[in-house]
1. Cα extents of segment 225-447 along the three principal axes, largest first, in whole Å?
2. If we sort 210-216, 435-441 on the protection proxy, mean other Cβ atoms within 10 Å, highest first, what's the order?
3. May I have the extent of the alpha carbons of segment 382-448 along their three principal axes, as whole Å values ordered from largest to smallest?
4. Got the relative contact order for segment 357-426 handy, in percent, Cα pairs under 8 Å and 6 or more residues apart?
5. Place the peptides 253-264, 159-170 in order of packing, highest mean first, counting for every residue the other Cβ atoms within 10 Å and averaging per peptide.
6. When you count, for each residue, the other Cβ atoms within 10 Å and take the mean per peptide, how do 393-403, 293-303 rank with the highest first?
7. Quick check: convex hull of the Cα atoms in segment 294-409, volume per residue, rounded to a whole Å³?
8. So for segment 225-447, averaging the separation of alpha carbon pairs under 8 Å that are six or more residues apart and normalising by length, what relative contact order in percent results?
């Protein structure tokens, strides 16, 4: 943060004035809230620069930056001695470490900007019980760090409680949140900035820091992806679709499917996590909630990405379409089965899809719809990875039923695709269980 002074006050001929200003800052700093955040200051010309620590308790509250945890350059590293926020009441009886210096971070996750919504970072962590000499190498939990919005927190807690109380078989492909710690004050910025009211627009809604511990540990897909076969992709897709089905049976839709919302368990099975933006299907505000758009644009279903389709409600087949796009992104970034990056032609198409909220979303949606649903376009798009990923076309076709791959082109051009998909879902012709069954059959073929 910067403070500007009159030029006469910081004239270069009077360097002692600058020194006095710096000393005064350090004298009054302990009396202000800013003292917990700063570690230094410099004066250059007319500007006093105050250096602020943006670590675990800093609210970087933009939709593209929230939930980022900063740490040391070397791994593993220990979190500083900071008390956890209060525990969410439904987890009050669950034992868990109560100091952050009991947690060692074993790895960190790269992050990607969302089109809209919150960004949650996932970190494999271990509980070291204060022992910093014999550091565990196997994670005990996955720790998620997020800044959650006040508006949806009641529904989110209700969903966590539903999952927590469900039998294991009904939540096997949903990350099990073992403990949640959340600050009780929702603010739009650090408290020393206008008493926490940053006044920076609607995208900076009041939020609170939340740390959640997920057990058993899983490999966050956004952190690392070692999938190198179509079998691995099929198991990822099967688990993710099962997670969507389990959420749906609990009465919820995820709405924010992206690589960072997925994990891989010890058996290579996919699961879904990051449920902050899940919407209740039969709640008092469900109709409005299902019209809101979330996610990262390359992974958003074409219908939801297109501003002209703003009247279409979010449905479960849109979440499965996002799973399809995640599967494609993994294979296309490894056209030879090894991490080499997308082929030039593929990358150009992906750039068109990756418009973000400031780009031409209609063009991105049209490009995505044509690439997925026009057979000739799809063949060209998938050609670079066809040889190294046998069976990928079959997996894409199974998942592609949810984005209209088998809907006649004249129906799509008439704008009736969503109507057809809704009719198929109502009749049972299109269902999550049928998709899971077909993926299971493909997995059996791939294993042989």
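1. Here the Cα extents, ordered largest to smallest, are 48, 37, 31 Å.
2. Order by mean packing, descending: 210-216, 435-441.
3. Principal extents (largest minus smallest coordinate, Cα): 39, 28, 11 Å.
4. It comes to 25 percent, rounded to a whole number.
5. Order by mean packing, descending: 253-264, 159-170.
6. 293-303, 393-403
7. Once divided by residue count, the hull of segment 294-409 is 98 Å³.
8. 22
Every read-out reported here was derived from the displayed coordinates using simple, explicitly stated rules and does not represent laboratory data. These numbers come from a predicted model, not from an experiment. For neighbour counting, all protein chains shown are included, and Cβ atoms are generated from backbone atoms with ideal geometry for every residue, glycine included.
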